[in-house]
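Undergrad: Okay, handing you the structure first.
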Amino acid sequence: MIKQNEKKVGAVLVQGAGIAGVQAALDLANSGLKVYLLEQSPVIGGMMARLDKTFPTGDCATCMVSPKLVECARNLNVEILTLSELTDVTGEPGNFKATVRRKPRYVDEAKCTGCGVCTQVCPVKYQIYQEPEVKPVIELAPDDRQKTDCILEQYRDTQGALMPVLKGINNQFGYLPEDVLRYVSVKMNVPVSLIYRIATFYNAFSLTPRGRHTISVCAGTTCYVRGADKLLDRLKGRLKVDIGQTTVDRRFTLETVRCLGCCSLAPVISVDGEIYGNLRGNDVLGVLEAYE
Amino acid sequence: MNNMKKIRSGQDLDAVQRAGLEKLYPDRVKISVGMASCGLAAGARKVFDTLSQGIKQRQSNIVLAATGCLGFCRMEPLVTVHRPGKPKQVYANISPDKAEALLDAVLNEQDKEDWILCHLDREELIVSGTHHTHTCNGHGQAALSKPYQEVPFFKKQQKIVLRNCGFIDADDIDEYIGRSGYSALMKVISSMKPEYVIDQVKSSGLRGRGGGGFPTGVKWELCRKAEGDYKYVVCNADEGDPGAYMDRSVLEGDPHTVLEGMGIGAYAIGAREGIIYIRTEYPLAIEKLKRAIEQARAYGLLGENILNSGFSFDIRIVEGAGAFVCGEETSLIASIEGRPAEPVTRPPFPVQSGLWEKPTNINNVETWANVPVILARGADWYAGIGTDKSKGTKVFSLVGAITNSGLVEVPMGITLNEIIHEIGEGIPRQKKLKAIQTGGPSGGCVPASLVDMPVDYERLAEIGSIMGSGGMVVMDEDNCMVDIARYFTSFTREESCGKCTSCRDGLDVALHLLTRMTEGQADTEDMDLLDELSQTIKDASQCGLGKTAPNPILSTMKYFHEEYVSHVKDKKCTAGVCKPLFAYEIDPDACKACGKCKPDCPVAAITGEKKVPHAIIAEKCTKCGACYDICPFDAVTKV
């Protein structure tokens, strides 16, 4: 390490002008070293310049990165080499020799004002090269795979098929198993994150296995004013579960539903889609006995 | 289904209509059972099975049919008996046992007088503007029962949207055509220019029945004029408001009216494809719709080259997945496209750039159901019903603390008083009317003092509520308004998609404040904060959900201010709903020491023996209300 008060000698080459490279270049330049900032793409700033906000503080990315970029360009100790690649390094610590291949820019950087007119008229569009995505191979049990393929096939030509596919899976398996979702993600070419968002957004999907029977207590206005909450308390007490949970023996899943539209029979519950109305007192516990 | 011949001309349609009329009014005895969801919940399936077996056993030629819902939900299961040449009889509250007896009576040419709700001498056929008379030469039976028109529940109703519900078998397109179904579509396609159709809808004054009240004709015109080679019409059947179920009833009882309305709309707008977005909680409605679409296709009323006119249009169903916000148009579109249902900024409006960025016209079920009648009878006829700015009828689901609960369709401008005290026949158990909640979680509470107010879009908006989709929950003195506000806020908080901070976090804080109030921990500053917060949520949210979510809070704070004050200052809930703010007591004078309440108490908080008046140990009591519910002498009181 070179100590702060010693006389600085030589120069440093920083490879890559993303936020890390830019910061490194600035720190080095400010400590008195000559810096060559090497960047493969036509511009410096890297990924951060494309971001809106940064995690976890939610601060504005551009606001943080752009002063650094300007400073890089202004700092006399920093020499920016864009469109450049490092082809060879020889020598030893303290005395390296780097060979850089620089691609032509065809634009006089001193004169360019950055108006962008040339990009609009250029018949060849610049395309970003992306690494081919490595798709994970998902192994499903043959039975599950067949069931899933069958659902996927059904909606192959439908626009906006994700929802009905998830619905089909939810009906078929009783919930949305993670490996099936990963399989669907690969097959339909949608990110797992989007599937997860949808699965958690809508009430009809469940990410955990469910009971053999689903009890839905109507939480509509009429049922509420006619005592659905008492009904719910009774069910919670009897089944020893909270809303959205499944009993230990997997017999029942308890949930609430917005409105079953049977307001004149309030309060109502539905068990596996069968509706029971006008439930008073302990009636509701009697209803459950029919379901094993 | 294979033998269904495509309908190509007016003559074809007339032939099907004649066949339909024969099915509707056969020359044999016909018994129909109301088999919509509410009927089924009341046990209509068992009644139907009993009748079906009974008919088989007795080797009778009686025709047994399943129909939709007549709307009088309190009286379900409803069974209709129709003997040729005699008035149609409607029997109420028929259990399987009663059904057996009723069948015997029918076979012996007798009536079950005690069970008759009413009879119909004739049926109004709204679409053609005529009647079907059941009696020949005025022979009816004399005063055995009230005529349909004089039953208080039906008297003030005017059924346009619900015209077929309870009268036809939704699974049989012939019966729909029998009552002049698809004649409006035929008329429109064969003799009207799209611009003229839009003109008719505009001058009829029809406004969106989903809640917004935007003029339907104007929307259609915007969509027609929008640039685009491919356009969509969408039916919003995501009836999410708790306490409103008219759309479900229409879809279960008369799905073809929606298909016909959409067909007319598609012709006027120039759309090629229709989508019905329906909530998944309505499995029966989905089943009926699917069958209706199949039948309409088989008759060539949907598909390529409809009625030999060159106009092609088809409909498919998309099921929702249980998210209240999907009722909002832009989130509905997002949901159809398979995205999380988050609203986006308008403009562009869906009529300009909607589904898959194509012009999309979205109307609600009830709006579509109005369309065929408007085109069949003409805009002037329709515009003659209702008030100055709100035309036509509106279906309300009249529920809660009301004697006659059910679906009622009334002309706009009728007063709340007429709906509640005449159609609904008042509040049961001699309780007093306290408020009427309209418009679901986006609406507000109308206090009893404003009961003489006429119901239309403008008047409801003026007093801080909305028409909404037509839920009308009647509340009596046993309902606590602070608790109601808390209930709706907890609903909207759950259902907020979370995009706008004001809605997501604002409702969370509002719910927290309201919960503190119902638990007796709030102070007066909380009330001011709640008021200010509600205003902010209203102003700063993007979509309809957030903009209207504070309505229940604001309207209850406005009209039931003293109730908030008693919760906050006196720590008392006069209605006896908020558990920490009241206690149960047994009135020793009223208590007959029968002992009924003792075994029901889950925490053994009731003392007393036989013949010794009971008392409640306040420290032990969890206020579950079991004793209050069971006491036959009303000796348990809330203080």
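Undergrad: For the range A:221-262, give me each residue that is basic (K, R) and within 14 Å of chain B (Cβ to nearest Cβ). If you could, list the steps in order and put the result at the bottom.
TA: Our first condition is that a residue be basic (K, R); within the range A:221-262, this holds for A:226, A:230, A:234, A:236, A:238, A:240, A:250-251, A:258.
Result: A:R226, A:K230, A:R234, A:K236, A:R238, A:R258.
Undergrad: Still on this structure, I have one more. Kindly establish whether B:D456 is in the same structural domain as B:G424 (by TED's automatic domain parsing), under 16 Å from B:K434 (Cα atoms) and of a type in the set (D, E). Explain how you work it out, then say what you get.
TA: Values: in the same structural domain as B:G424 (by TED's automatic domain parsing): yes; under 16 Å from B:K434 (Cα atoms): no; of a type in the set (D, E): yes.
Answer is no for this residue.
Undergrad: Can I ask one more? I need every pair where a residue in the range B:374-393 that is more than 16 Å from B:K159 (Cβ to Cβ) has its Cβ under 7 Å from the Cβ of a residue that is in a strand (DSSP E or B) and at pLDDT below 95, sequence separation at least 6 or different chains.
TA: Qualifying pairs under 7 Å: B:A383/B:K391; B:T387/B:P454; B:S390/B:R207.
Undergrad: Tell me, yes or no, whether the range B:570-577 has at least one residue that is among the small types (G, A, S) and within 14 Å of chain A (Cβ to nearest Cβ). Don't jump to the end; show me each part of the working.
TA: At the first step, the residues of the range B:570-577 found to be among the small types (G, A, S) are B:575-576.
Adding the requirement that they be within 14 Å of chain A (Cβ to nearest Cβ) leaves B:575-576.
Checked the range B:570-577: at least one residue is among the small types (G, A, S) and within 14 Å of chain A (Cβ to nearest Cβ).
Undergrad: From B:L375, B:L398, which residue is in contact with a helix residue (DSSP H, G or I) (Cβ under 7 Å, 6 or more places away or on another chain), assigned by TED's automatic domain parsing to the domain that holds B:L433 and either at pLDDT 90 or above or within 23 Å of B:Q17 (Cα to Cα) (or both)? Break it down stepwise before answering.
TA: Values: B:L375 fails: assigned by TED's automatic domain parsing to the domain that holds B:L433.
Result: B:L398 is the single residue among B:L375, B:L398 that is in contact with a helix residue (DSSP H, G or I) (Cβ under 7 Å, 6 or more places away or on another chain), assigned by TED's automatic domain parsing to the domain that holds B:L433 and either at pLDDT 90 or above or within 23 Å of B:Q17 (Cα to Cα) (or both).
Undergrad: Looking at the range B:229-251, is at least one residue out of contact with any helix residue (DSSP H, G or I) (no Cβ under 9 Å at 6 or more places or on another chain) and not acidic (D, E)? Lay out the reasoning, then the answer.
TA: Narrowing the range B:229-251 to residues out of contact with any helix residue (DSSP H, G or I) (no Cβ under 9 Å at 6 or more places or on another chain): B:229.
If we keep only those that are not acidic (D, E) as well, we get none.
Checking the range B:229-251: not a single residue is out of contact with any helix residue (DSSP H, G or I) (no Cβ under 9 Å at 6 or more places or on another chain) and not acidic (D, E).
Undergrad: Quick test of your reading of the structure: A:A204 fulfils all but one of (1) in contact with a helix residue (DSSP H, G or I) (Cβ under 6 Å, 6 or more places away or on another chain); (2) without any contact (Cβ under 8 Å) to a residue 40 or more places away in the chain. Name the failing condition by number.
TA: (1)
Undergrad: Next up: Report, by residue number, each residue of the range A:259-274 that is surrounded by fewer than 24 Cβ atoms within 10 Å (Cβ to Cβ) and at pLDDT below 85. Before the answer, list the steps.
TA: Of all residues in the range A:259-274, those surrounded by fewer than 24 Cβ atoms within 10 Å (Cβ to Cβ) come to A:270-274.
The answer is A:G273, A:E274.
Undergrad: Of these, B:R74, B:R83, which one is touching a Ser or Thr at 6+ places or on another chain (Cβ under 7 Å), modelled with pLDDT under 90 and of a type in the set (D, E, K, R)? Spell out the reasoning first.
TA: Working: B:R83 fails: touching a Ser or Thr at 6+ places or on another chain (Cβ under 7 Å).
When all the criteria are applied, what remains is B:R74.
Undergrad: In addition: Name the residue that is farthest from B:L289 (Cα to Cα), counting only residues in the range B:310-368 that are within 9 Å of another protein chain (Cβ to nearest Cβ) and free of Cβ contacts under 8 Å to residues at least 12 places away in the same chain.
TA: Applying the filter and picking the extreme gives B:R339.
Undergrad: Report the residue count in the range A:130-180 for those that are β-branched (V, I, T), modelled with pLDDT under 90 and assigned to a helix (DSSP H, G or I).
TA: The number of residues fulfilling the criteria is 0.
Undergrad: Say whether the condition of being part of a loop (DSSP other than H, G, I, E, B) and within 14 Å of chain A (Cβ to nearest Cβ) is met by at least one residue in the range B:486-497.
TA: Let us first name the residues in the range B:486-497 that are part of a loop (DSSP other than H, G, I, E, B), namely B:496-497.
Now drop any that are not within 14 Å of chain A (Cβ to nearest Cβ), which leaves B:496-497.
Yes: one or more hits.
Undergrad: Is the range B:45-52 home to any residue that is over 25 Å from the mean Cα position of the chain (by Cα), more than 30 Å from B:S180 (Cα to Cα) and modelled with pLDDT of 90 or more?
TA: Looking for residues that are over 25 Å from the mean Cα position of the chain (by Cα), more than 30 Å from B:S180 (Cα to Cα) and modelled with pLDDT of 90 or more, one finds at least one in the range B:45-52, hence yes.
Undergrad: Shifting gears a bit: Could you count how many residues in the range B:380-423 are in a strand (DSSP E or B), within 14 Å of chain A (Cβ to nearest Cβ) and hydrophobic (A, V, I, L, M, F, W, C)? Outline the logic, then answer.
TA: So in the range B:380-423, the residues in a strand (DSSP E or B) come out as B:386, B:391, B:393-400, B:406-411, B:415.
From what's left, within 14 Å of chain A (Cβ to nearest Cβ): B:395-400, B:406-408.
If we keep only those that are hydrophobic (A, V, I, L, M, F, W, C) too, we end up with B:395-396, B:398-399, B:407-408.
Going through the range B:380-423 one residue at a time, the tally reaches 6.
Undergrad: Here's a follow-up. What residue, of B:K231, B:K156, is of a type in the set (D, E, K, R) and surrounded by fewer than 21 Cβ atoms within 10 Å (Cβ to Cβ)? Reasoning before the result, please.
TA: Values: B:K231 fails: surrounded by fewer than 21 Cβ atoms within 10 Å (Cβ to Cβ).
Residue meeting the stated conditions: B:K156.
Undergrad: Quick check on A:Y106: is it within 14 Å of chain B (Cβ to nearest Cβ), part of a loop (DSSP other than H, G, I, E, B) and either touching a residue at least 40 places away in the same chain (Cβ under 8 Å) or not small (G, A, S) (or both)?
TA: Working: within 14 Å of chain B (Cβ to nearest Cβ): no; part of a loop (DSSP other than H, G, I, E, B): yes; either touching a residue at least 40 places away in the same chain (Cβ under 8 Å) or not small (G, A, S) (or both): yes.
When the stated conditions are applied, A:Y106 does not pass them.
Undergrad: Follow-up. Taking the conditions exactly as written (surrounded by 23 or more Cβ atoms within 10 Å (Cβ to Cβ) and among the polar types (S, T, N, Q)), does B:S37 satisfy them or not? It would help to see each step written out before you state the result.
TA: On the way: surrounded by 23 or more Cβ atoms within 10 Å (Cβ to Cβ): yes; among the polar types (S, T, N, Q): yes.
It is true that B:S37 is surrounded by 23 or more Cβ atoms within 10 Å (Cβ to Cβ) and among the polar types (S, T, N, Q).
Undergrad: It is to be established whether one or more residues within the range B:212-233 are in a loop (DSSP other than H, G, I, E, B), closer than 23 Å to B:A376 by Cβ, out of contact with any Lys or Arg (no Cβ under 7 Å at 6 or more places or on another chain) and away from every other protein chain (no Cβ under 14 Å).
TA: No - not one qualifying residue is present in the range B:212-233.
Undergrad: Mind checking which residues of the range A:203-220 are among the small types (G, A, S) and either closer than 30 Å to A:L181 by Cβ or away from chain B (no Cβ under 12 Å) (or both)? Before the answer, list the steps.
TA: Taking the range A:203-220 first, the residues among the small types (G, A, S) are A:204, A:206, A:211, A:216, A:219-220.
Passing the criteria: A:A204, A:S206, A:G211, A:S216, A:A219.
Undergrad: Let me ask something else about it. Any idea how many residues of the range B:50-68 are in a helix (DSSP H, G or I) and touching a residue at least 12 places away in the same chain (Cβ under 8 Å)? Can you show your working first?
TA: First, pick out the residues of the range B:50-68 that are in a helix (DSSP H, G or I): B:50-57.
Retained after the next criterion (residues that are touching a residue at least 12 places away in the same chain (Cβ under 8 Å)): B:50-52, B:54-55.
So the answer is 5.
Undergrad: Another question about this same structure. Hey, does the range B:82-92 have a residue that's of a type outside the set (F, W, Y) and within 24 Å of the chain's Cα centre (by Cα)?
TA: yes
Undergrad: Would you mention how many residues in the range B:436-485 are assigned to a helix (DSSP H, G or I) and within 11 Å of B:P552 (Cα to Cα)?
TA: Filtering the range B:436-485 for residues assigned to a helix (DSSP H, G or I) gives B:440-442, B:448-450, B:457-462, B:481-485.
From what's left, within 11 Å of B:P552 (Cα to Cα): B:440-442, B:481-485.
Residues meeting the conditions: 8.
Undergrad: Would you mind telling me which numbered condition in (1) at positive phi; (2) touching an Asp or Glu at 6+ places or on another chain (Cβ under 9 Å) B:N305 fails?
TA: (2)
Undergrad: Quick one: would you say B:V106 is outside any strand (DSSP E or B) and among the β-branched types (V, I, T)?
TA: Values: outside any strand (DSSP E or B): yes; among the β-branched types (V, I, T): yes.
Yes: the conditions hold for B:V106.
Undergrad: May I ask you to verify whether A:S193 is within 12 Å of chain B (Cβ to nearest Cβ), modelled with pLDDT of 85 or more and either at negative phi or more than 37 Å from the chain's Cα centre (by Cα) (or both)? Can you show your working first?
TA: Numbers: within 12 Å of chain B (Cβ to nearest Cβ): yes; modelled with pLDDT of 85 or more: yes; either at negative phi or more than 37 Å from the chain's Cα centre (by Cα) (or both): yes.
Against the criterion (within 12 Å of chain B (Cβ to nearest Cβ), modelled with pLDDT of 85 or more and either at negative phi or more than 37 Å from the chain's Cα centre (by Cα) (or both)), A:S193 qualifies.
Undergrad: Considering A:V9, A:V43, A:V89, which residue is exposed (fewer than 14 other Cβ atoms within 10 Å of the Cβ), out of contact with any Ser or Thr (no Cβ under 7 Å at 6 or more places or on another chain), free of Cβ contacts under 8 Å to residues at least 40 places away in the same chain and assigned to a loop (DSSP other than H, G, I, E, B)? Step through it out loud before you land on a result.
TA: Numbers: A:V43 fails: out of contact with any Ser or Thr (no Cβ under 7 Å at 6 or more places or on another chain); A:V89 fails: assigned to a loop (DSSP other than H, G, I, E, B).
After applying the criteria, what remains is A:V9.
Undergrad: Please go through the range B:443-484 and give me each residue that is within 12 Å of chain A (Cβ to nearest Cβ), within 15 Å of B:T556 (Cα to Cα) and not acidic (D, E), ordered by number.
TA: Those that are within 12 Å of chain A (Cβ to nearest Cβ), within 15 Å of B:T556 (Cα to Cα) and not acidic (D, E): B:G443, B:C445, B:V473, B:V474, B:M475, B:N479, B:C480, B:M481, B:I484.
Undergrad: Here is a list: A:E274, A:E289. Which entry is over 22 Å from A:T221 (Cβ atoms), without any contact (Cβ under 8 Å) to a residue 12 or more places away in the chain and within 14 Å of chain B (Cβ to nearest Cβ)?
TA: Working: A:E289 fails: within 14 Å of chain B (Cβ to nearest Cβ).
Criteria check complete, one pass: A:E274.
Undergrad: A further question follows. Considering every residue within the range A:218-234, establish whether at least one is at pLDDT 85 or above, polar (S, T, N, Q) and surrounded by 15 or more Cβ atoms within 10 Å (Cβ to Cβ).
TA: For the range A:218-234, residues at pLDDT 85 or above, polar (S, T, N, Q) and surrounded by 15 or more Cβ atoms within 10 Å (Cβ to Cβ): absent.
The values are calculated or read from the model by the stated rules, or taken from the named source; none is laboratory data. Nothing here was measured: the structure is a model prediction, and the numbers come from that model. With ideal geometry, Cβ positions are generated from the backbone for all residues, glycine too; neighbour counts draw on all protein chains shown.
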